[in-house]
1. With respect to A:Leu23, determine if the residue is under 30 Å from B:Met91 (Cα atoms) and not assigned by TED's automatic domain parsing to the domain that holds A:Trp285.
2. Does A:Met172 qualify as being at the interface with chain B (Cβ under 10 Å from one of its Cβ atoms) and more than 30 Å from A:Asn268 (Cβ to Cβ)?
3. Please go through segment B:54-89 and pick out each residue that is of a type in the set (A, V, I, L, M, F, W, C), more than 10 Å from every other protein chain (Cβ to nearest Cβ) and under 22 Å from A:Pro116 (Cβ atoms).
4. Go through A:Ala92, A:Ala54, A:Ala65 for me and flag whichever is touching a residue at least 60 places away in the same chain (Cβ under 8 Å) and within 30 Å of A:Lys197 (Cα to Cα).
5. Cβ-Cβ distance below 8 Å, separation of 6 or more or different chains: which pairs start in segment B:123-150 with a residue that is within 20 Å of B:Ile83 (Cα to Cα) and in contact (Cβ under 8 Å) with a residue 40 or more places away in the chain and end on one that is aromatic (Phe, Trp, Tyr) and assigned to a helix (DSSP H, G or I)?
6. Would you mind telling me which numbered condition in (1) crowded, with 19+ Cβ neighbours inside 10 Å; (2) at negative phi A:Asn298 fails?
7. Hey, any hits in segment A:130-153 for a residue that's more than 18 Å from A:Leu21 (Cα to Cα) and touching a Pro at 6+ places or on another chain (Cβ under 8 Å)?
8. Would you mind stating whether A:Arg286 is crowded, with 18+ Cβ neighbours inside 10 Å and either β-branched (Val, Ile, Thr) or at negative phi (or both)?
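The values are calculated or read from the model by the stated rules, or taken from the named source; none is laboratory data. Quantities reported herein were computed from a predicted structural model and do not represent experimental measurements. Here the Cβ positions follow ideal geometry from the backbone for every residue, glycine too, while neighbour counts run over all protein chains shown.
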Amino acid sequence: MKINFEHHQTAHCENGVASNLLLNRGLKLSEPMIFGIGSGLFFVFLPFLKVNFAPGFSYRPMPGAIFSKAAKRLGIKIKRQKFSNPREAQVALEKNLEQDIPTGLQVGVFNLTYFPEEYKFHFNAHNLVVYGKEDGKFLISDPVMDFATTLTEAELEKVRYAKGALAPKGHMYFPTHIPENVNLEEAIKKGIKDTCKNMLAPVPIIGVKAIRWVAKNIPKWAEKKGTKVTNHYLGQLIRMQEEIGTGGGGFRFIYGAFLQEAAVILKNDELKELSKEITAIGDLWRDFAVDIARVYKNRNSKSNIYNELSKSMLHIADLEEAFYKKLRKAI
Amino acid sequence: MQIISSVFIKTPHFQVKKQDIPQDESNLKSANMTEVVYVTDENDNYTTANSIGWDAKKAALDESMALINERIEEAKQNVAKNIVSPIIYFMELNKMDIPVLAAYVGMWQWTVKRHAKPKIFKKLSDSTLKKYADTFGISVDQLKNFDGTL
């Protein structure tokens, strides 16, 4: 069986699955639209949570949050199921496919056979769509891939039952209700307000304050933990910012694309200007990544390099703070 | 663009223009992949483009892989010196840490840490060893007989 399903490659898996599943049900929303309405732009610093031997940094909210928020704001209902028994999980998935329902799955990436070796690590909040089964293999639309692919029953079970943090436990989801008339304007406004609220939150681990906290930590790491550890931490920061799925610049460019679309829908020219502003900020994040990469190459780089990186990041934080304040007013 | 001024370290400024998105050969090639990036065209309108990679992040990824390989090598030597059991070597080889490994074998973290001691490892039953071997995708014999000299 094979459901008529269009595979579209996107930057980020969660927006991509959401956008592709909704398109299948006749609602055409771009990846940036889902991302913006679901308040995908974020920054969080969890210094005590060690991920890949470095503190936890993220430029995005908790996995699943974007689609859940976007669905709620658009009046879409999603059914989500988890299964303790892998056999049951497969049966439920196959039943969906028989009913022509392309189904989203949360999976771990470590055992995804089609990924390059360097990307296989124990991250359990990747998303893909299953849209059929042929010759005993499941037909997979993984939104970060150029092309649709397949996984055997055993391979799919392995990634659906990956273990560790955020274990998927067979998690599958699909839209059950899409309203006839979606109030896009209202949904966009809610999404933007929520983003501004998060990024300007008065807590040290979230938003602009968290960016500043990381920035101030860079020279301290260099002093207390040495160059090697500091460089590894900074490397982790680049990966979270630039890896597949971010669309570049720590998701700032996707957000720029969202604001540009939103400007047209809300007939608000100010948003168009703000789109340019967040694009320029995204460029600065990329410059920041280039500077970090340069620290790797010139090992004997000048001693104040960490102070300079810290300054660049503080500068970005200032620009972002001004940006969210303007954005909040523009809505 | 006045906002991109002052403090920034002297780098050629990066611009997300479609014609100059980075196309640096990277690890994506091994899987025949490209990635989507959001870029602006000559009229500052957003569009998407596919990139085969970017040196800046390849550097970060290479650093991370180098660290993993270092940890694998260290674990191997520690097995040879009888400081840790083979469990630690295969854990590192599979890019795991204690919490992830404990989740896969369905044991407490402190139990896994005990099993990482060579003396205790030698007394483990085959059924316990099998849980580890299955997780690592190897046989019980391969796990038992690994002495760090391969």
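1. No, not satisfied.
2. no
3. Residue satisfying the conditions is B:Ile72 alone.
4. One residue alone meets the criteria, A:Ala54.
5. B:Tyr132/B:Phe90; B:Leu143/B:Phe90; B:Leu143/B:Tyr132; B:Leu143/B:Phe136; B:Phe146/B:Tyr89; B:Phe146/B:Phe90; B:Gly148/B:Tyr89
6. Condition not satisfied by A:Asn298: (1).
7. The answer is no, given that none of the residues of segment A:130-153 is more than 18 Å from A:Leu21 (Cα to Cα) and touching a Pro at 6+ places or on another chain (Cβ under 8 Å).
8. yes
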